[in-house]
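Working notes, structure below.
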Amino acid sequence: MKWAPLIITVTCDPRLQDPKNPRCDELWTVDAIAKDYIDSNAAGATMDHVHGLYSRDPVVQADGKQLQIPDLEGTAAIIQQIREKYPKVSVQQGLASMRPEQKLKLWEIIKPEMSSLNMNSHDEYFDPYPRELKPVACYSVHPINELRQYFQWSKEHGVKPELECFDTGAFDAVRIIRDGIFWTDDDKMEEEQGLLDDPLWCTFFFGWPGQSCQPMTDIALFNQIHHQPDRINWSLSAMSRCAKEYWTQINRAILQNGHVRVGYEDCGRHPDESYAKSNADLVDRAVQMAKAVGRPIATAEEAREIIGLRSA
């Protein structure tokens, strides 16, 4: 097999996956969050999936959604620190679970290279300690015409979408957007091709709790790989209460020539269930796993070329 250089994305927010992570309280200031990303970049991560600072809807709102609310100023300050230290590292603005108008405001301020967009629906129920802590829920449907608006904005602002794919239904959404045939609410057919630039960047999700959850198994991964659309690169995000299972899934992705996302948001523990001292420790574990099979780690410039981003 000819190895593609491995692109490692890091995401440093531990609170949804494990609110008992001993660094939860610490990683809630601009300086602390920025430092963990910077240290992770030094360890080998070349894509930073940044939530920044945010709050959330306490209950389902009148629009039928329960989503995250970004702190624009705090998030911008985090990204500024990262870019001052690692200007070639790509920023992937996270929180696909925010409202479209808030996402657009954030793009205008931070000018990310990429931004997360869910091609399925948010139907998540984070309950790592169901008898001790109230679960955190996230609910939102993302209709085709909403995705169309996102991708129009992406083109206008030079932001490459990260297509979050929780199951193979996301691939049919890709087909619809690529076909460029849309029906408006007043029953008018419109054509608009070219909203997605190849190659696409798709993140496959496994083990994320809730009613959209896919199991973290080789069968589930191979199903995604077998049905993937043409002309894409794919990365893997997994979430698990069992760290050994989690790292097994990361290893599967590395061996299948995919890319990986690691960090406290996905799993903050080593295979022996001990907490990682930092996100950089988790990045280093992924680096060592790749090196063990002879797979090279992408530099920041190589990552940009593979993904199809502008040079820094």
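The values are calculated or read from the model by the stated rules, or taken from the named source; none is laboratory data. Owing to the predicted nature of the structure, the values given are computational and were not obtained by experimental measurement. For neighbour counting, all protein chains shown are included, and Cβ atoms are generated from backbone atoms with ideal geometry for every residue, glycine included. Note: accessible area is taken over every heavy atom of the protein model, side chains too, but ligands, DNA and RNA are not part of it. Shrake-Rupley method; radii C 1.70, N 1.55, O 1.52, S 1.80 Å.
Across the range 25-51, the qualifying residues are those that are in a helix (DSSP H, G or I) and not aliphatic (A, V, I, L, M), and the one among them that is surrounded by the most Cβ atoms within 10 Å (Cβ to Cβ) is S40. Within the range 97-135, can you find the residues that are part of a loop (DSSP other than H, G, I, E, B), open to solvent by 30 Å² or more (accessible area, probe 1.4 Å) and either touching a helix residue (DSSP H, G or I) at 6+ places or on another chain (Cβ under 9 Å) or of a type in the set (A, V, I, L, M, F, W, C) (or both)? Selection gives K111, L133.
Every test in (1) at pLDDT 95 or above; (2) closer than 23 Å to G258 by Cβ; (3) part of a loop (DSSP other than H, G, I, E, B) is passed by T9 save one, and that test is (3). When G258 is tested against the conditions (1) touching a residue at least 24 places away in the same chain (Cβ under 8 Å); (2) surrounded by fewer than 18 Cβ atoms within 10 Å (Cβ to Cβ), the lone failure is (2).
Of all residues in the range 52-77 being at pLDDT 85 or above and hydroxyl-bearing (S, T, Y), which is most open to solvent (accessible area, probe 1.4 Å)? So the residue we want is Y54.
Please state which one of R241, R295, R269, R252 is over 29 Å from A32 (Cβ atoms), surrounded by 14 or more Cβ atoms within 10 Å (Cβ to Cβ) and touching an Asp or Glu at 6+ places or on another chain (Cβ under 9 Å).
Details: R241 fails: over 29 Å from A32 (Cβ atoms); R295 fails: touching an Asp or Glu at 6+ places or on another chain (Cβ under 9 Å); R269 fails: over 29 Å from A32 (Cβ atoms).
The match here is R252.
Any residue at all in the range 187-199 that is more than 20 Å from the chain's Cα centre (by Cα) and part of a helix (DSSP H, G or I)? No, the range 187-199 contains no residue that is more than 20 Å from the chain's Cα centre (by Cα) and part of a helix (DSSP H, G or I).
Conditions tested, residue by residue: (1) touching a Pro at 6+ places or on another chain (Cβ under 9 Å); (2) more than 19 Å from R56 (Cβ to Cβ); (3) free of Cβ contacts under 8 Å to residues at least 40 places away in the same chain.
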{"position": "M114", "(1), (2), (3)": "yes, yes, no"}
{"position": "P143", "(1), (2), (3)": "no, yes, yes"}
{"position": "D179", "(1), (2), (3)": "no, yes, yes"}
{"position": "M189", "(1), (2), (3)": "no, yes, yes"}
{"position": "S212", "(1), (2), (3)": "no, no, no"}
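Looking at the range 78-96, which of its residues are buried (at least 16 other Cβ atoms within 10 Å of the Cβ), in a helix (DSSP H, G or I) and either without any contact (Cβ under 8 Å) to a residue 12 or more places away in the chain or small (G, A, S) (or both)? Across the range 78-96, the qualifying residue is only R83. Screening the candidates E301, E305, E265, E273 for the property of being of a type in the set (D, E, K, R) and touching a Lys or Arg at 6+ places or on another chain (Cβ under 7 Å) yields one hit, E301. Is it fair to say K277 is open to solvent by 30 Å² or more (accessible area, probe 1.4 Å), assigned to a loop (DSSP other than H, G, I, E, B) and closer than 28 Å to V136 by Cα? Judged against the criteria, K277 is a match.
Residues checked against (1) under 17 Å from the mean Cα position of the chain (by Cα); (2) free of Cβ contacts under 8 Å to residues at least 60 places away in the same chain; (3) farther than 18 Å from A76 by Cα:
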{"residue": "W3", "(1), (2), (3)": "no, no, yes"}
{"residue": "T9", "(1), (2), (3)": "yes, no, yes"}
{"residue": "P19", "(1), (2), (3)": "no, no, yes"}
{"residue": "C24", "(1), (2), (3)": "no, yes, yes"}
{"residue": "L27", "(1), (2), (3)": "no, no, no"}
{"residue": "I33", "(1), (2), (3)": "yes, yes, no"}
{"residue": "I38", "(1), (2), (3)": "no, yes, no"}
{"residue": "H51", "(1), (2), (3)": "yes, no, no"}
{"residue": "D57", "(1), (2), (3)": "no, yes, yes"}
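Looking only at the range 175-187, decide whether some residue is modelled with pLDDT under 95, among the β-branched types (V, I, T) and exposed (fewer than 12 other Cβ atoms within 10 Å of the Cβ). There is at least one residue in the range 175-187 that is modelled with pLDDT under 95, among the β-branched types (V, I, T) and exposed (fewer than 12 other Cβ atoms within 10 Å of the Cβ).
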